[in-house]
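Report on the following structure.
The values are calculated or read from the model by the stated rules, or taken from the named source; none is laboratory data. Since the model is a prediction, treat every value here as computed from it, not as a measurement. Here Cβ is always computed from backbone atoms with ideal geometry, including for glycine, and neighbour counts include all displayed protein chains.
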Amino acid sequence: MNWEKFNPLMFLMALGAGGISVIPFAIFQYTTEHGKGLVTLSQMGTDSLAFISEKEMESVLGIDNKASLILVKLSTIGTEDKFRKDFAELGISEDMKTWQEKIGGIIGTIAGTFNLLTMITTLVSLIIAAVIILVIIYINTVNKRKQIGILKAIGIDQEVIIFSYIFQALFYCIAGIFFGLLLIWGLTNIFTQNPIPFPMGEVSPIITFPLLAKSSISLLLISLIGGFLPSWQTARQSILDSIWG
Amino acid sequence: MIEIKNLKKIYDMGAIKVKALNDISINIEKGEFVALMGASGSGKSTFLHQVGLLDSPTSGDIIIDNINVLDLSEKEKTLFRLNKLGYVFQEYAILEELTALENVYLPVLMMGKSKQECIAAAKEVLEKVGLGDRMDHFQKELSGGQQQRVAIARALVNKPKILFADEATANLDTKSSIQILELFRELNKKYGQTIIMVTHENFHKKYVDRIIYLKDGKVIKNME
């Protein structure tokens, strides 16, 4: 192996999905004759390790086909438990940990903090969106109060008037969702290409469909409320109050 | 056609009770063009609002086509207004986002008719009010008189039994006012449209069949 060009990340990625990497565990004599280069992944846990080939390790330690730790790379996030079960069914009784359990500790706390931040920003965004839609529809209905009164006078049903404003709110909402998705797509691409460096590794956002669906549905629901409340408040006024103020 | 019995409207202003309509009883026949006149505060607009189902009187009866309309629910009143009554206000209140044609076919659309039927009915009535060449124009492209004609066309499109006009020419210059009054007269004579109009202007008298003068909520003169 050409140690000058050795890249542990490339090495791990080259294993492919489902590949098994045997990482030897031992205290060994490591000299400058064996070390051939320095690599960095901006990931504290990896950068503090020394990598050698399996053959070299066996020759140094005088062992054959033994390992203290086996890492399994999966192609899809979220299938860890299924694989653990599959391994158990194959009769492997050793201690098995998912990556979340393995890294645990501070990284788990950081991941939890990120989730909390996501929740808070989502909630704040939804509240801001609700207030903006409410204000827009409120201003529209107040400005058109006389018109609403006259529409009611000529026999246009109150529900039709309210529905027209809800429709307006939904239009703003759908436009907002569309532009929001574009923004998320753009930002996700940027941060995937240029991840944010953290001591424990580089971080890039993962946007999942359930998260987008949940946010979009929440926005639709608050738009319905934001459209309904001000238009209902204006449309329920008596015809003469609406026309003459 | 319209039978009004002992109509009263009293506004409760706390310690003071204002009798805006004080026991009015009159009849208006089908095909009549009636003007309601009187000084400000005489009760003419209040009277029009009660008969036009835009407000509810304190007591009395309003019978239109043998239906005591005060017995109707709010929903039924909305339908009654849509089907049988037409309104023209001082403010034209046509929707600026819609063309003249779209503004006029809106009430027909509310009756559940197809778009083709709505357009046909709106075109017919816009022709009738002399706006056949302005159907696709928006509010900002129409003069005040033309906007009021659109409002009149909208009021007439469902072929109402009664057309109410509340100072419909107040925002117009004399020339446009005369055009609107002549249009009302034509609708009344040619199509037998019943019209009840609130006005201040003395020169409007010559266009109507009957003038009802009100003062302090009472009919003081009823002139043919």
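List pairs: first residue in region B:66-95 and more than 8 Å from chain A (Cβ to nearest Cβ), second residue surrounded by fewer than 16 Cβ atoms within 10 Å (Cβ to Cβ) and part of a strand (DSSP E or B) anywhere in the structure, Cβ distance under 7 angstrom, at least six positions apart or on different chains. So the pair list comes out as B:Asn68/B:Asp61; B:Leu70/B:Asp61. For region B:165-181, the criterion of being within 22 Å of B:Glu32 (Cβ to Cβ), of a type in the set (Ser, Thr, Tyr) and either touching a residue at least 40 places away in the same chain (Cβ under 8 Å) or surrounded by fewer than 19 Cβ atoms within 10 Å (Cβ to Cβ) (or both) is met by none of the residues. B:Asp61 meets all of the listed conditions (1) in contact (Cβ under 8 Å) with a residue 40 or more places away in the chain; (2) not in a strand (DSSP E or B) but one, namely (2).
The helices (runs of 4 or more DSSP H) found wholly in region B:111-224 and carrying at least 3 residues that are touching a Leu at 6+ places or on another chain (Cβ under 7 Å) occupy B:115-128, B:144-156.
In the list B:Thr46, B:Thr99, which residue meets the criterion of being more than 14 Å from every other protein chain (Cβ to nearest Cβ), of a type outside the set (A, V, I, L, M) and on the phi < 0 side of the Ramachandran plot? I'd like the intermediate steps shown before the answer.
Numbers: B:Thr46 fails: more than 14 Å from every other protein chain (Cβ to nearest Cβ).
That would be B:Thr99, the only listed residue that is more than 14 Å from every other protein chain (Cβ to nearest Cβ), of a type outside the set (A, V, I, L, M) and on the phi < 0 side of the Ramachandran plot.
Annotation: B:Ala122 fulfils all but one of (1) under 14 Å from B:Met37 (Cα atoms); (2) at pLDDT 90 or above; the unmet one is (1).
With the requirement that a residue be part of a helix (DSSP H, G or I) and touching a Gly at 6+ places or on another chain (Cβ under 9 Å), what does region B:85-110 give you? Break it down stepwise before answering.
Start the filter on region B:85-110 by keeping residues that are part of a helix (DSSP H, G or I), which leaves B:100-110.
Result: B:Pro107, B:Met110.
Taking region B:103-117 as the region of interest, how many residues are within 14 Å of chain A (Cβ to nearest Cβ) and on the phi < 0 side of the Ramachandran plot?
Initial filter on region B:103-117 (within 14 Å of chain A (Cβ to nearest Cβ)): B:103-113.
Okay, now just the ones that are also on the phi < 0 side of the Ramachandran plot, so B:103-111, B:113.
Matching residues across region B:103-117 total 10.
With respect to the stated conditions, B:Val88 fails to be surrounded by 15 or more Cβ atoms within 10 Å (Cβ to Cβ), touching a Cys at 6+ places or on another chain (Cβ under 9 Å) and closer than 25 Å to A:Arg145 by Cβ.
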